[in-house]
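What follows is a set of notes on a single structure, which appears directly below.
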Amino acid sequence: MTSSSSSTIRRRRTAALLEYAQRLPRGPRRATLRTVVDLNRPVAERIARRYRRRGLADDDLRQAAYEGLTKAVGRFDPSRADDLLTFAVPTIRGEVQRLEHVENRMVLEPALRTLSGRDREIIRLRFTEELSQGEIGELIGVTQAQVSRLLTRILGDLRGALGDVDLRPLTSGPPPLVGHV
């Protein structure tokens, strides 16, 4: 069986189960929705694999992807859309990215503690308050060029404190799509 034919079978079976679940009372409906989650787990696993080698355990990535799939299945309304995955894939990605963001924040916080109070304030103004370098300069009494040099030094210090930690999730979008889900 080819990948596209198994995908078509999965999509049709999912649609039929979701339609059937709409007519069931709560208990049997939940059991049917669990079957829908199980049927679509391979999709969640493929999405989780795209985020490998970014510093998170594979089990944690899969768990976040399954969580996203479960949320999407629970909120999906088959009367409003035809294909669950059109709705679910962004939710799954969002859960994996949220996990990545939380994990990297936890790593970043101890590194920030190694900075001086002034350096932490500059980082806060730039990346939390999203002020321009010129605006930061006005607040702390230096030029924009000096703020640029300070940020270069501070970020270098942070990179040194973090070692091999990959902070791309804090500054970039999802990894590029390869293949088709």
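The table for this structure:
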quantity	calculated
Test: residue in segment 157-177 that is open to solvent by 40 Å² or more (accessible area, probe 1.4 Å) and at pLDDT 95 or above	no
Meets criteria (modelled with pLDDT of 95 or more and either of a type in the set (D, E, K, R) or within 26 Å of the chain's Cα centre (by Cα) (or both)) for Glu135	yes
Unmet criterion (only one of (1) of a type in the set (A, V, I, L, M); (2) assigned to a helix (DSSP H, G or I); (3) over 19 Å from the mean Cα position of the chain (by Cα); (4) crowded, with 16+ Cβ neighbours inside 10 Å) for Ala145	(4)
Residues located in segment 22-38, provided they are in contact (Cβ under 8 Å) with a residue 40 or more places away in the chain and either among the basic types (Lys, Arg) or open to solvent by less than 70 Å² (accessible area, probe 1.4 Å) (or both)	Leu33, Val36
Residues of segment 1-15 satisfying the condition of being in a helix (DSSP H, G or I) and open to solvent by 60 Å² or more (accessible area, probe 1.4 Å)	Ser3, Ser4, Ile9, Arg11, Arg12, Arg13
Pair list, Cβ under 8 Å, 6 or more apart: segment 75-95 residue surrounded by fewer than 17 Cβ atoms within 10 Å (Cβ to Cβ), other residue in a loop (DSSP other than H, G, I, E, B)	Ser79/Gln22
Given (1) open to solvent by 80 Å² or more (accessible area, probe 1.4 Å); (2) modelled with pLDDT under 95; (3) in a helix (DSSP H, G or I), index of the condition Arg41 fails	(2)
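Rundown of residues vs (1) assigned to a helix (DSSP H, G or I); (2) aliphatic (A, V, I, L, M); (3) at pLDDT 95 or above, yes/no style:
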position: Tyr66; (1), (2), (3): yes, no, yes
position: Pro78; (1), (2), (3): no, no, no
position: Arg105; (1), (2), (3): yes, no, no
position: Glu109; (1), (2), (3): yes, no, no
position: Asp119; (1), (2), (3): yes, no, yes
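The values are calculated or read from the model by the stated rules, or taken from the named source; none is laboratory data. Predicted model, so just to flag it, every value in this text is computed and none were measured. Here Cβ is always computed from backbone atoms with ideal geometry, including for glycine, and neighbour counts include all displayed protein chains. Surface accessibility is based on the protein's heavy atoms, side chains included, excluding ligands, DNA and RNA. Shrake-Rupley method; radii C 1.70, N 1.55, O 1.52, S 1.80 Å.
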